[in-house]
Amino acid sequence: MKKIIIIFLIILSSGCSSISNLIPPDQSLAVKVTETETFKELKALPKPRGMIPVSVYSFRDQTGQYKPQTNVSSFSTAVTQGATSILMQALSDSDWFLPVEREGLQNILTERKIIRAAMQSMNEEDKAHKKLPPLTTAKILLEGGIISYDSNIRTGGFGAEYFGISSSELYREDLISIYLRAIDVRTGQVLVSVSTSKKILSKELRAGFFRYVSFKRLAEAEAGYTTNEPMHICVKQTIEKAITELVQKGRKKGVWKAQASS
């Protein structure tokens, strides 16, 4: 019996990268999202001659995909519905674009009405001093969205079993793709269009054994864990890569220019 337990522990430790993954996690504090390689590429772009005002009305999930679940009807979407917020953050971090708020434009207009109503009670001198400036206009309109989510584009695994002792590893690949285009507001011409994609990886590791230790007595144990890439992080990386490609492709076409190197 001791030999069997020792063999099981050896297979478990070799099949699983870390025994600590088998322990249920405790509560954790909120942390800042770590920088990815695509974010570093975005920040490594050369500085522009001047920041370009851009507007984004919507950058949404156009796939209509729901989370794949076996033998269960799911109404949870497979892709985050907050892609517009992710795109606005990435545009701001790029140092190339100056994003102006358009998704919540109605809220801005409502607040401006409230300010104007409050200014009516002021005297003429205060009104001139606190004049409400016009909204910032954008020369470039960014359109596009998440256009594809393909699940199970590749699956596989490996396993072995001997004398009631087993170990296995399974993996799955999904694929997400987005399109992003820059449009001249004055002419409606599509200046630059790019597309990017990213694989989403999932992995499951499992080990177990069963053995009759005596007459009518069966010993059985099983352990394992799974890892899945967070969807919003994958969308973030895909969008950051798209902005990097948008800037580089726009420079090659002469749509915008970087600062002259000294």
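The values are calculated or read from the model by the stated rules, or taken from the named source; none is laboratory data. The model shown is predicted, which means the values in this text are computed figures rather than measured ones. Here Cβ is always computed from backbone atoms with ideal geometry, including for glycine, and neighbour counts include all displayed protein chains.
Does region 133-151 hold any residues that are closer than 30 Å to S195 by Cα and assigned to a loop (DSSP other than H, G, I, E, B), and which are they?
Matches in region 133-151: T136, T137, A138, K139.
Quick check on T187: is it exposed (fewer than 13 other Cβ atoms within 10 Å of the Cβ), β-branched (V, I, T) and free of Cβ contacts under 8 Å to residues at least 12 places away in the same chain?
Details: exposed (fewer than 13 other Cβ atoms within 10 Å of the Cβ): yes; β-branched (V, I, T): yes; free of Cβ contacts under 8 Å to residues at least 12 places away in the same chain: yes.
So T187 passes the test.
Quick check: anything in region 154-174 within 30 Å of R251 (Cβ to Cβ), under 28 Å from the mean Cα position of the chain (by Cα) and surrounded by fewer than 16 Cβ atoms within 10 Å (Cβ to Cβ)?
no
Only one of T77, T110 is at pLDDT 90 or above and out of contact with any Pro (no Cβ under 9 Å at 6 or more places or on another chain); which?
Being at pLDDT 90 or above and out of contact with any Pro (no Cβ under 9 Å at 6 or more places or on another chain) holds for just one of T77, T110, which is T110.
Here is a list of conditions, (1) crowded, with 17+ Cβ neighbours inside 10 Å; (2) touching a helix residue (DSSP H, G or I) at 6+ places or on another chain (Cβ under 9 Å); (3) modelled with pLDDT under 90, and M231 meets all of them except one; can you say which number that is?
(2)
Can you tell me which residue in region 209-262 is farthest from the chain's Cα centre (by Cα), limited to those that are under 30 Å from K32 (Cα atoms) and assigned to a strand (DSSP E or B)?
Out of the qualifying residues, it is G224.
Any residue at all in region 208-225 that's free of Cβ contacts under 8 Å to residues at least 60 places away in the same chain and among the hydroxyl-bearing types (S, T, Y)?
yes
Out of curiosity, is Y212 more than 30 Å from G145 (Cα to Cα), of a type in the set (F, W, Y), touching a helix residue (DSSP H, G or I) at 6+ places or on another chain (Cβ under 6 Å) and modelled with pLDDT under 85?
No, not satisfied.
State whether one or more residues within region 95-103 are of a type in the set (F, W, Y), at pLDDT 75 or above and more than 30 Å from G164 (Cα to Cα).
yes
Which of the residues that make up region 152-196 are of a type in the set (S, T, Y) and outside any strand (DSSP E or B)? Show your work before the answer.
We begin by selecting, within region 152-196, every residue of a type in the set (S, T, Y); these are 155, 162, 166-168, 171, 177, 179, 187, 193, 195-196.
Within region 152-196, just T187 meets the criteria.
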